[in-house]
1. Scan the range 368-408 for residues that are touching a residue at least 40 places away in the same chain (Cβ under 8 Å), over 30 Å from residue 305 (Cβ atoms) and part of a strand (DSSP E or B) and jot them down.
2. Looking for whichever is in a helix (DSSP H, G or I), at pLDDT 90 or above and either more than 16 Å from residue 156 (Cβ to Cβ) or under 45 Å from the mean Cα position of the chain (by Cα) (or both) here; the options are 281, 182. Which one fits?
3. Before we move on, is residue 86 touching a helix residue (DSSP H, G or I) at 6+ places or on another chain (Cβ under 6 Å), assigned by TED's automatic domain parsing to the domain that holds residue 233, at pLDDT 90 or above and surrounded by 17 or more Cβ atoms within 10 Å (Cβ to Cβ)?
4. So residue 176 clears everything in (1) under 20 Å from residue 216 (Cα atoms); (2) in contact with a strand residue (DSSP E or B) (Cβ under 6 Å, 6 or more places away or on another chain) except one condition, right? Which one?
5. List the number of the failed condition for residue 197; all other conditions in (1) modelled with pLDDT of 90 or more; (2) in contact with a helix residue (DSSP H, G or I) (Cβ under 7 Å, 6 or more places away or on another chain) hold.
6. Looking at the range 135-146, can you tell me whether even one residue there is at pLDDT below 90, farther than 11 Å from residue 164 by Cα and surrounded by fewer than 21 Cβ atoms within 10 Å (Cβ to Cβ)?
7. In the range 382-409, what residues are exposed (fewer than 13 other Cβ atoms within 10 Å of the Cβ) and touching a helix residue (DSSP H, G or I) at 6+ places or on another chain (Cβ under 9 Å)?
C-alpha cells in the first residue's frame with residue numbers, strides 16, 4: 001500500500017521490470033514499507049539510498065593466498081588492472097571490496113566495479129549512497145536467484161547467503177540460451193571453488209511455467225518461483241560512488257559554501273547597518289539630553305550674565321587697580337631718568353590715554369612695550385600709533401589702554 005513520505009526515515013529507490021522505480025522507506029525498526037512507484041529517480045523527495053541495477057556493475061570474486069586484510073584491497077586492485085577491469089586512473093570510489101570467508105591462510109574476496117558508462121538519470125546530489133541491488137535482498141543459500149531489472153534478467157549466485165557474483169544475462173527472456181548461460185555460470189563458479197554445489201534456482205517475479213521448466217531441464221536443479229521480496233538495508237555499506245556524483249556533490253558543497261558566505265556577509269551587513277542606526281539613535285538621544293540640560297541651565301546662565309554685566313559696570317569704580325591715581329602711579333614708575341616725559345594722562349569710561357614726548361621714536365616704542373609687560377597694567381589692552389616727529393627731532397606719542405576686566409563674549 002502506498003504511503004506518505006516521512007523525512008525522518010531512510011528511503012531506498014530500486015529498479016523494477018520496465019522503466020519505473022519503486023520508492024521504499026525504512027522505519028526505526030528497519031522494516032521496509034512500500035511508498036509508491038516513480039517514473040524517474042529525480043522525482044524522489046529528499047536524500048536516499050539507491051539500489052544499483054546489476055547491469056551497472058561488474059563483480060569479480062577470487063580466492064587470495066593471504067589472510068592479511070590490510071593488503072587485500074591492493075592485491076585485488078592489481079588483479080583488476082591486470083584483467084582490464086579497472087583503469088589505473090580510476091578513483092577509489094569506483095570499486096568496493098568485500099571479504100566473504102577466510103580459511104587456511106586464504107581469503108575469498110569480491111570486488112564490485114562500476115561500469116564506465118553510468119546512467120545520467122541516477123546522477124543527482126540527493127543520493128546518500130549506492131548499494132548493488134543484490135545486497136539489498138535477503139538471498140537464499142547456495143542458489144541461483146533470477147529477477148528482472150530495467151527489462152534485463154539479473155542473476156546472483158550465493159555461497160551461503162552471500163552473493164558471489166551478480167550479472168545480467170544476454171537474453172531478456174528465460175530461453176534455452178539463457179538457461180545454457182546460467183549453466184556455464186554455475187559450472188565456472190563450482191570449478192573455481194567459489195561456490196558450493198547449488199541446491200536450486202529461485203525465480204523472483206513474473207515467470208511462466210514454461211520458463212521455469214526450461215531452466216530446470218537444462219540445469220538439473222529444482223526451480224522455485226516467488227514474488228520479489230521487499231528490500232533490506234545492508235549491514236555493510238557500499239563505498240561505490242560514481243565520479244559524476246562526486247563532482248556533483250563537490251559542486252553542491254562549493255555552492256553551499258558560497259551561499260553560507262553570502263549569508264554571513266549579508267548578516268554582517270545587516271548587523272553593521274543595525275549598529276549604525278542604533279549609534280545614530282543613541283547620539284540623537286544624547287543630543288536631546290544635552291539640549292534639555294542646556295534649556296534647564298538657561299535661567300542660571302542668564303542670571304550669571306546679568307550679574308557679570310553689573311560687575312562690569314561697577315568694577316571701574318570698586319577695583320583699586322583701575323583708579324586713575326593708581327594707573328598714573330604705575331605708568332610713572334616706568335619713566336626713564338631722562339629723554340621722555342608725560343604730557344597728559346586721561347581716563348574716561350575705563351579707557352586710559354597716555355600722551356607724552358620722547359627724545360627719539362625708539363624710546364617711545366620701548367616705553368609702550370614696558371607698559372604692556374608690567375603685570376599691574378596687563379588688565380588693559382595697550383596699543384600705540386606711530387609717534388609724530390617734531391622739527392627738533394622729538395617724538396610725540398599717544399598710548400591707549402582698553403580695560404579687559406569683566407568682558408562678556
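1. Correct list: 396, 397, 398, 399.
2. 281
3. Against the criterion (touching a helix residue (DSSP H, G or I) at 6+ places or on another chain (Cβ under 6 Å), assigned by TED's automatic domain parsing to the domain that holds residue 233, at pLDDT 90 or above and surrounded by 17 or more Cβ atoms within 10 Å (Cβ to Cβ)), residue 86 does not qualify.
4. In the conditions (1) under 20 Å from residue 216 (Cα atoms); (2) in contact with a strand residue (DSSP E or B) (Cβ under 6 Å, 6 or more places away or on another chain), residue 176 misses (2) alone.
5. It fails just one condition, (1).
6. No, because not a single residue in the range 135-146 is at pLDDT below 90, farther than 11 Å from residue 164 by Cα and surrounded by fewer than 21 Cβ atoms within 10 Å (Cβ to Cβ).
7. Once the filter is applied, which keeps residues that are exposed (fewer than 13 other Cβ atoms within 10 Å of the Cβ) and touching a helix residue (DSSP H, G or I) at 6+ places or on another chain (Cβ under 9 Å), the range 382-409 yields 383, 386, 389, 407, 408.
Yes/no per residue for (1) in contact with a strand residue (DSSP E or B) (Cβ under 7 Å, 6 or more places away or on another chain); (2) surrounded by 14 or more Cβ atoms within 10 Å (Cβ to Cβ); (3) assigned to a helix (DSSP H, G or I):
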{"residue": "212", "(1), (2), (3)": "yes, yes, yes"}
{"residue": "221", "(1), (2), (3)": "yes, yes, no"}
{"residue": "230", "(1), (2), (3)": "yes, yes, no"}
{"residue": "244", "(1), (2), (3)": "no, yes, yes"}
{"residue": "250", "(1), (2), (3)": "no, no, yes"}
{"residue": "272", "(1), (2), (3)": "no, no, yes"}
{"residue": "276", "(1), (2), (3)": "no, no, yes"}
{"residue": "291", "(1), (2), (3)": "no, no, yes"}
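The values are calculated or read from the model by the stated rules, or taken from the named source; none is laboratory data. Keep in mind that this is a model prediction, so the values were computed, not measured. Every residue, glycine as well, gets a Cβ built from its backbone with ideal geometry; the counts of neighbours run over all protein chains shown.
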